[in-house]
Amino acid sequence: MDIVSADHPDDSLRNVADRQRKIIHIDMDAFYASVEQRDNPELRGKPVAVGGSRERGVVAAASYEARKFGVRSAMASTIARRKCPQLIFVKPRFDAYKFVSQQIHEIFSAYTPLIEPLSLDEAYLDVTDNLQGIILATEVASQIRQRIFEVTGLTASAGISYNKFLAKTASSQRKPNGQFVIPPGKGEKFVETLPIEKFYGVGPATAEKMQSLGIATGADLKLKSLAFLQQQFGKSGSYFYDIARGIDHREVRPDRVRKSVGAENTFSADIYNIDEAKRALDPIIDKVVHYCAGKDIRGRTVTLKVKYADFEQITRSRSLSSPISDKENITEHAINLLLPLFPVSKGIRLLGVTLSSLQDDIEPQPGQMALSL
């Protein structure tokens, strides 16, 4: 069993406090690509990219064979092809991925009701009081991973710790098909050695800003005062201050509300014409509306995403006084965000629309359009 340090890590997880949390973060290994390799023996052992196409698409997931060449998710397919000329592109099969995800979550449910999904292939589990009465959190994680393999034929990695931030950080330490423990009393020391770009919640832009401020590791971050971090990063400053010390008080929330819903499309040819762009938005918005209808949710913020032929990406948002979910309203606001961008000096390769600030559906207010079904 892999641990950071401690002769008996689970003794620490058990004895530091009567109610010391035991959090597991489960993350499937190269999930989409692994499902494709499982279902098609000809793909096994070969570099596989799921999503997009050779010319215009974006990699949604890459097998570990492809990752050895530097292929990563969210990478343009053209770049992925240059890095790995023998890369095999496979169209995504989301129905298959959702089915496997349901199998995985059924396994989780046999151990704890406190499950917070982050996506189809990862989730937090609070196993402090697990349904199997297992004392050791590492044993719970081992059993779950073994059961996932038996049921699905796929491997998963796990991080085990006393809070969500450390558990998620730990799950990436022994990928693929491994697990890693950060026990109480060891979290702060572990974080000090962590490169800032490895911090969950620190994206590329934030990492670049931190580097410019002389923050390259957790130890550097820990040296900065709360006031300094709040001044530089606003509300996120308090979060960064805490995680630099291995502190994260967030609970595992089985009722976690999705913060946004969005869809996007990469086009086979660049778009230069406003009418063509409007038409291209239609099926994208349909997907957003369909999701909202199925979940009975509305949102107050519409965001338009535009990626140009040279891969420059911009977003434009509009927040509303009343929540919406109907196609007419979403389309109106998306087009109003799109119009000022024309005429364009370079082609548009991708458009996306996101609805955020979500809430449960409510009765239409005066002047608010009801959802058409």
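The figures follow:
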read-out: Amide hydrogen neighbours beyond the local backbone of GLN179, cut-off 5 Å, H modeled; value: ASP2, ALA158
read-out: Expected-Rg normalisation [2.2 N^0.38 Å, Cα atoms] applied to the stretch 190-243; value: 0.96
read-out: Percent of beta bridges antiparallel (DSSP, the chain, rounded to nearest 5); value: 85
read-out: The stretch 313-361 and the stretch 179-236: distance between their alpha carbon centers, rounded to Å; value: 33
read-out: Top of ASP39, ASP286, ASP310 by mean-square fluctuation, Gaussian network on the chain, Cα under 10 Å; value: ASP310
read-out: Size of electric dipole in the stretch 190-243: Cβ of Lys, Arg +1 and of Asp, Glu -1, about Cα centre, debye, nearest 20; value: 120
read-out: Amide proton proximity set for THR155, modelled H, under 5 Å, gap of 5+; value: ASP29
read-out: Descending semi-axes in whole angstrom, ellipsoid equivalent of the chain, from the Cα gyration tensor; value: 36, 26, 23
read-out: Percentage relative contact order, the chain, counting C-alpha pairs under 8 Å, at least six apart; value: 15
read-out: Percentage relative contact order, the stretch 145-195, counting C-alpha pairs under 8 Å, at least six apart; value: 29
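Any read-out appearing in this document is the output of simple, stated calculations on the displayed coordinates, not a laboratory observation. None of the values given here were measured: they were computed from a predicted structure. Glycine gets a Cβ as well: all are built from the backbone with ideal geometry, and neighbour counts include every protein chain shown.
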